[in-house]
Amino acid sequence: MTIPEFQPPAPILRLVKVLAGLGAATLAAGLFLAPERAWMNLLLAAFYLIGLCLAGVLFIAIQYVSGAGWYVAFRRVPEAMAGALPVAALPVLLVLVASASIYPWAHAGGEHGGAAFWFKDVWLSPLFFVVRALIYLVVWIAFATAILRTSRSQDSDGDLSHTRRNVRLSAAFLVVFGITFWLASYDWLMSLEPEWYSTVFGVYQFSGVILSGLAMITILAVWLYRLGPLRGFLTAEHLHDLGKLLFAFSTFWMYIWFCQFMLIWYADIPEETSHFITRLAGFWQPVFWLNILLNWAVPFLVLLHIPAKRSPGMLLKISWVILVGRWVDLYLMIAPPFVGENPVFGVWEVGIAAGAAGLFFLAVFRTLRHAPVVPVGDPYLEESLSYHN
Amino acid sequence: MSRRTLVTVFDHEDDILGATRAIREAGFRIADVYAPYAVHGLDKAMGLQPSKLPWVCFVLGLVGAALKVWFEFWTTAQDWPINVGGKPWNSLPAFVPVTFEVMVLFAGVSTVFAFFLVSRLWPGKRAVLADPHVTDDRFILIIDQSDAAFDPVKVERLLEPYHVVRVEEREESGEGGAG
């Protein structure tokens, strides 16, 4: 079996490099011209990227632990996303450096409406915040690197022991991820409004991360099929199952979103409702509804139909809708404390988002070239190529 | 109306899939196929049209959701308005969980009943089996012989690679029977 090597087409590679450069330039200019907007978009891009890369590890880990074989033909795609994790950690490091200007609890000098609770004061102290973030990043990168290395060493000998080792690593990662990511979403996003709290926030972030990650896996897999390397490996059955997962996690996102919204609406406690009152006022309201439309209503209605789940063109469109929806979701979470009563959208939003996309694809293209595009040594590969729904 | 059928029995999933596909592609009419469990890909091998049940499921799910919203509106806002925590009587977010449950219940149960209806199954119906073994370890393909194009020699040759366990000709009257 000969595996064609992945070679990104020159125009795409050039475009991606231009986007990354554009993003860096926008960020640099923004720091002088509109620091608030630049920090806000940097945080958005950082959380978006780290989420996409984590979703790659998460996807692989779930498949290993559940003993799945269907996904092996395109496993190098989530692996490439997982391999981009160190690159995605760079914007997070920038956020840490700038945390004093980003987070109200850090620059208000303890005067953020008075200390509500001693534990919050300890938890949200600048040094502890940075140390925690570094621990999360190191742990995630260590797991991703170990899982990737094991998967790649299987290419040469096809030994089952590599699969067993990755099952153990994956099980450990899932537990560690559950705790660290939950804390990271509290630290990096929820603390933007230090008075506000929502217990389900970590699960809500998880649902967005896995949904956007699945959309990105689908896009990259279809691209690799169209460019050649996955031709003969990626079948309509794989697309069908990816479509089912997109459908399911889109609905899961809506479910968790509503869990958070309804309990806060029902209990009607002022310190909890403040979050939604800001986001339902003025021109934030259309963004609020747009979020639900992009992340759930459109994917749900389109993916109900079996032929849509098996059509590469339709899956690509829906995946892009979900990825835009993820941006809107994060924007709605992050922007109100920065920009106040009405949403703003301009050169800083576009430029930094484009830069994040450029950085991500550069890193993914690079990791895709580190190993054959199909894990040739995996004992489950045969099953993945011949199964049907 | 009586009809003649050829009942062919197989031992393996792969054989029934291959035989069904070969018979259909040769242009013979398949009366039905029986298997002890759901064989993946059999619908494609038989050339069946996509099922219309999803549409029943979708429409009745919507009907269930609509009925439930109307009922909750009627009970909480019209017939016996209750003040809950000072919220408006017609508070849509509070209706969502129950609406969701009722939608799933309506869609699920009515799909099962629609399936029973189209397959003419009901409690107490006497089972008519082509062979008792289809509930255990055998797969059965029934070919319609009333077709003018039917050619026993050709059928035999087509089925040769698929390890036929037994072949039997049957004549039935009325609907039902083995088919």
Scan region A:271-292 for residues that are β-branched (Val, Ile, Thr) and within 13 Å of residue A:325 (Cα to Cα) and jot them down.
A:287, A:292
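With the structure loaded, tell me whether residue A:248 is among the hydrophobic types (A, V, I, L, M, F, W, C), under 24 Å from residue A:307 (Cβ atoms) and out of contact with any helix residue (DSSP H, G or I) (no Cβ under 7 Å at 6 or more places or on another chain) or whether it fails that test.
Values: among the hydrophobic types (A, V, I, L, M, F, W, C): yes; under 24 Å from residue A:307 (Cβ atoms): yes; out of contact with any helix residue (DSSP H, G or I) (no Cβ under 7 Å at 6 or more places or on another chain): yes.
The answer is yes for residue A:248.
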Of the listed residues (A:330, A:381, A:294, A:290), the one being farther than 22 Å from residue A:255 by Cβ and more than 14 Å from every other protein chain (Cβ to nearest Cβ) is A:381
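Applying the selection to region B:55-70, what residues are closer than 17 Å to residue B:116 by Cβ, within 13 Å of chain A (Cβ to nearest Cβ) and either among the small types (Gly, Ala, Ser) or touching a residue at least 24 places away in the same chain (Cβ under 8 Å) (or both)? Quick ask: steps written out before the conclusion?
Restricting attention to region B:55-70, the residues satisfying the condition of being closer than 17 Å to residue B:116 by Cβ are B:55-57, B:60.
Now restrict to residues that are within 13 Å of chain A (Cβ to nearest Cβ): B:55, B:57.
Of everything in region B:55-70, just one residue is closer than 17 Å to residue B:116 by Cβ, within 13 Å of chain A (Cβ to nearest Cβ) and either among the small types (Gly, Ala, Ser) or touching a residue at least 24 places away in the same chain (Cβ under 8 Å) (or both), namely B:57.
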Filter pass, residue A:279 being surrounded by 16 or more Cβ atoms within 10 Å (Cβ to Cβ), within 14 Å of chain B (Cβ to nearest Cβ) and charged (D, E, K, R)
no
What number goes with the only condition from (1) out of contact with any helix residue (DSSP H, G or I) (no Cβ under 8 Å at 6 or more places or on another chain); (2) within 14 Å of chain A (Cβ to nearest Cβ); (3) surrounded by 13 or more Cβ atoms within 10 Å (Cβ to Cβ); (4) without any contact (Cβ under 8 Å) to a residue 12 or more places away in the chain that residue B:86 does not pass?
(3)
Name the residue, out of A:200, A:175, that is in contact with a Cys (Cβ under 6 Å, 6 or more places away or on another chain) and at negative phi.
A:200
Mind checking whether some residue in region A:88-109 is among the β-branched types (Val, Ile, Thr) and surrounded by fewer than 19 Cβ atoms within 10 Å (Cβ to Cβ)?
yes
Looking at region B:111-157 only, could you name the residues that are among the β-branched types (Val, Ile, Thr) and under 15 Å from residue B:167 (Cα atoms)?
B:134, B:140, B:142, B:143, B:153, B:155
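Are any of the residues in region A:68-81 within 23 Å of the chain's Cα centre (by Cα) and either under 21 Å from residue A:331 (Cβ atoms) or modelled with pLDDT under 90 (or both)?
Of the residues in region A:68-81, the ones within 23 Å of the chain's Cα centre (by Cα) are A:68, A:70-81.
Restricting the remaining residues to those that are either under 21 Å from residue A:331 (Cβ atoms) or modelled with pLDDT under 90 (or both) gives none.
Within region A:68-81 (the criterion being within 23 Å of the chain's Cα centre (by Cα) and either under 21 Å from residue A:331 (Cβ atoms) or modelled with pLDDT under 90 (or both)), the answer is no, since none of the residues qualifies.
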Of (1) farther than 30 Å from residue A:307 by Cα; (2) within 14 Å of another protein chain (Cβ to nearest Cβ), residue B:96 satisfies all except one. Which?
(1)
Here are B:39, B:33: which of them is within 14 Å of chain A (Cβ to nearest Cβ), surrounded by 14 or more Cβ atoms within 10 Å (Cβ to Cβ) and in contact with a strand residue (DSSP E or B) (Cβ under 8 Å, 6 or more places away or on another chain)?
B:39
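Is there a residue in region B:71-78 that is without any contact (Cβ under 8 Å) to a residue 24 or more places away in the chain, outside any helix (DSSP H, G or I), surrounded by fewer than 14 Cβ atoms within 10 Å (Cβ to Cβ) and more than 14 Å from chain A (Cβ to nearest Cβ)? Quick ask: steps written out before the conclusion?
Of region B:71-78, the ones without any contact (Cβ under 8 Å) to a residue 24 or more places away in the chain are B:71, B:73-78.
Then drop every residue that is not outside any helix (DSSP H, G or I), which leaves none.
No; the residues of region B:71-78 include none that is without any contact (Cβ under 8 Å) to a residue 24 or more places away in the chain, outside any helix (DSSP H, G or I), surrounded by fewer than 14 Cβ atoms within 10 Å (Cβ to Cβ) and more than 14 Å from chain A (Cβ to nearest Cβ).
Quick check: is even one residue across region A:181-197 polar (S, T, N, Q), surrounded by fewer than 16 Cβ atoms within 10 Å (Cβ to Cβ), farther than 30 Å from residue A:68 by Cβ and away from every other protein chain (no Cβ under 14 Å)?
As a first pass, look at region A:181-197 and keep what is polar (S, T, N, Q): A:185, A:191.
From the residues that got through so far, the ones that are surrounded by fewer than 16 Cβ atoms within 10 Å (Cβ to Cβ) too are none.
Within region A:181-197, none of the residues are polar (S, T, N, Q), surrounded by fewer than 16 Cβ atoms within 10 Å (Cβ to Cβ), farther than 30 Å from residue A:68 by Cβ and away from every other protein chain (no Cβ under 14 Å).
How many residues, within region A:45-71, are over 21 Å from residue A:179 (Cα atoms) and either of a type in the set (Asp, Glu) or surrounded by 24 or more Cβ atoms within 10 Å (Cβ to Cβ) (or both)?
Looking only at region A:45-71, we keep the residues that are over 21 Å from residue A:179 (Cα atoms), and these are A:45, A:67-71.
Next, only the ones that are either of a type in the set (Asp, Glu) or surrounded by 24 or more Cβ atoms within 10 Å (Cβ to Cβ) (or both) stay: A:45.
Residues in region A:45-71 being over 21 Å from residue A:179 (Cα atoms) and either of a type in the set (Asp, Glu) or surrounded by 24 or more Cβ atoms within 10 Å (Cβ to Cβ) (or both): 1 in total.
The values are calculated or read from the model by the stated rules, or taken from the named source; none is laboratory data. Note that this is a predicted model, so its numbers are computed, not measured. Here the Cβ is made from the backbone with ideal geometry for all residues, glycine too, and neighbour counts use every protein chain on show.
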